[in-house]
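Engineer: Sharing a structure, written as structure tokens. Questions coming.
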Amino acid sequence: MKPNKVKPNKKTLLQQINAAKPVNALTSKLTSRTRKRSHKAIERRALIVGILMNTMQVLGGVVVVLMTGLQAMFLDTAFTFISVVSGIVAVYLSSRSVRATKRFPYGMFALEPIYAICKAIFTISLLAFSLLEAGSAAFEYFVYGRGEHMSLGPVLVYELVVLVLCFSLWAYYRAENHEINNA
């Protein structure tokens, strides 16, 4: 004799799922905002906030470079500009890498290492350029005794503002990282 199997209706299953309680502390943490926003959404938002902060740094850096003409400030501004451009590319790749297409059935994750290589090439190129500039300035100073007087007033103000921006960005990134359980 076969036992009678009663299939629960859909309403009963939904009621059971909705009434289920979290099993442990980890799942109870997941019932917070993390379920509302995915890891990719949190990553994308953090990237956009970082881009905005870095853009403010680039604009301030350009103003200080124009005021002082310091090559070190130009280098700092150029590095930050590379971060802004690479951040924009990272936001684009973040949205595209998980999408599967006929050509890329597992997503376009291969683009992420290419992005990292391109960023490294830009950074190395900038370092080579600044090494040549600093080398020629040092050569002129030590061989011919020519140099320029530096105006550091605007630089100090810029650096203090950037310091506050960077610590704020660090605190924001830390909070977002805790939201996704340090993933």
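Engineer: By per-residue mean of other Cβ atoms within 10 Å, what is the highest-first order of 135-144, 65-74, 116-125?
Structural biologist: So the order, starting with the most tightly packed, is 65-74, 116-125, 135-144.
Engineer: Once you have a ≥ b ≥ c as the square roots of the Cα gyration tensor eigenvalues for the range 39-179, tell me rounded if a/c is under 1.5, and otherwise prolate or oblate according to whether a/b is larger than b/c.
Structural biologist: oblate
Engineer: To the nearest 20 Debye, how big is the dipole of the range 31-183 about its Cα centre, given +1 on the beta carbon of each Lys and Arg and -1 on that of each Asp and Glu?
Structural biologist: 1260
Engineer: Set the Förster distance to 35 Å, then compute FRET efficiency between ILE121 and CYS166 from the Cβ-Cβ distance, nearest 0.05.
Structural biologist: So, using R0 = 35 Å, E works out to roughly 0.90.
Engineer: Can you check what the net charge comes to around ALA134, using other residues whose Cβ is under 15 Å from the Cβ of ALA134 (Lys, Arg +1; Asp, Glu -1)?
Structural biologist: Numbers: positive: ARG146; negative: ASP76, GLU133, GLU140, GLU148.
Summing Lys/Arg as +1 and Asp/Glu as -1 gives -3.
Engineer: Ranking request for peptides 89-96, 162-169, 77-84: highest mean number of other beta-carbon atoms within 10 Å first, then the rest in descending order.
Structural biologist: Final packing ranking: 77-84, 89-96, 162-169.
Every number here is computed from the coordinates shown, using simple stated rules; none is lab data. Computed from a predicted model, the values in this text were never measured in an experiment. Quick reminder, even Gly has a Cβ in these numbers, built from the backbone with ideal geometry, and neighbours come from all protein chains shown.
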